[in-house]
Amino acid sequence: MDVSYFYGTAGEIDAASLYRLLSLRSRVFVVARRQPWLDPDGRDIEPGTAHLWAEQDGVAVSTLRLTEEGDGLLRMGRVCTLLSHRRQGHATVLVRHALVLAGPRPVISDVYARSADWFTRRGFEPRGGRTVVDGEPHTSIRHVPAARRAPAPSGGSGPGHRGGGYVPAWAST
Ligand SMILES: CC(C)(COP(=O)(O)OP(=O)(O)OC[C@H]1O[C@@H](n2cnc3c(N)ncnc32)[C@H](O)[C@@H]1OP(=O)(O)O)[C@@H](O)C(=O)NCCC(=O)NCCS
């Protein structure tokens, strides 16, 4: 079963695709958590917001979004995978794609504290903040591109920017 990866702004993707992404997010962030919460917060349709997602057999199985926060800063959010499709690497691919799209721009995120380790294993680092939103502890994290890092004092390469050298799936199309 082939998996295809897509990205685009709300203005670029069709209504059915956007509907499927919002539906997937509602399943994960509202229904599964049994937490009334307005997931479509208005930022999905901002011109600078990019949606990335994985599709298998016409079903959106994983997604994330990148929003512009000003001054070249990006925010990654709504990272989720359908329960039945987890641990197959979909979210990892999307995060890597997002970091390629971000290029030299730093990416910040506020993630469930219980998921923070997942992100640090993918090149993010804690940035000190912890908040509780609707009873759920969140950790603030950021990804700073390797080019913007101070050189490692010992000559080591430091924590990895995993996007380096990565050719995104859409580069050849
Ligand atoms: C966190 C979340 C997005 C991960 O999605 P996912 O698509 O399952 O992620 P991946 O498959 O890329 O990675 C999951 C793990 O499976 C492993 N994996 C990847 N491919 C695999 C494979 N073929 N076989 C077995 N394991 C595999 C990865 O190494 C990773 O392991 P790690 O946690 O030790 O790093 C998903 O669990 C989720 O939606 N959670 C609820 C919402 C959430 O917490 N969102 C993030 C914070 S707001």
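We did not get these values from a lab; they are worked out from the coordinates using the rules stated. Quantities reported herein were computed from a predicted structural model and do not represent experimental measurements. When we count neighbours, we look across all protein chains shown, and the Cβ atoms used for this are built from the backbone with ideal geometry, even at glycine.
Each peptide in 58-65, 107-114 receives the mean, over its residues, of other Cβ atoms within 10 Å, and ordering these scores from highest gives 58-65, 107-114.
Please sort 34-41, 9-16, 116-123, 92-99 by packing, taking for each peptide the average over its residues of neighbouring beta carbons within 10 angstrom, highest first. Don't jump to the answer; show the numbers that get you there.
Details: 34-41: 10.1, 9-16: 12.1, 116-123: 16.5, 92-99: 21.4.
In descending order of packing, they fall as 92-99, 116-123, 9-16, 34-41.
With the convex hull drawn around the C-alpha atoms of segment 3-155, the volume per residue stands at 128 Å³.
Give me the percent relative contact order of segment 1-146, please, defined on Cα pairs under 8 angstrom at least 6 residues apart.
Working: 238 pairs, mean separation 26.8, N = 146.
Reported relative contact order: 18 percent.
Here 124, 29 are placed in order of increasing Cβ neighbour count within 10 Å, fewest first, which gives 29, 124.
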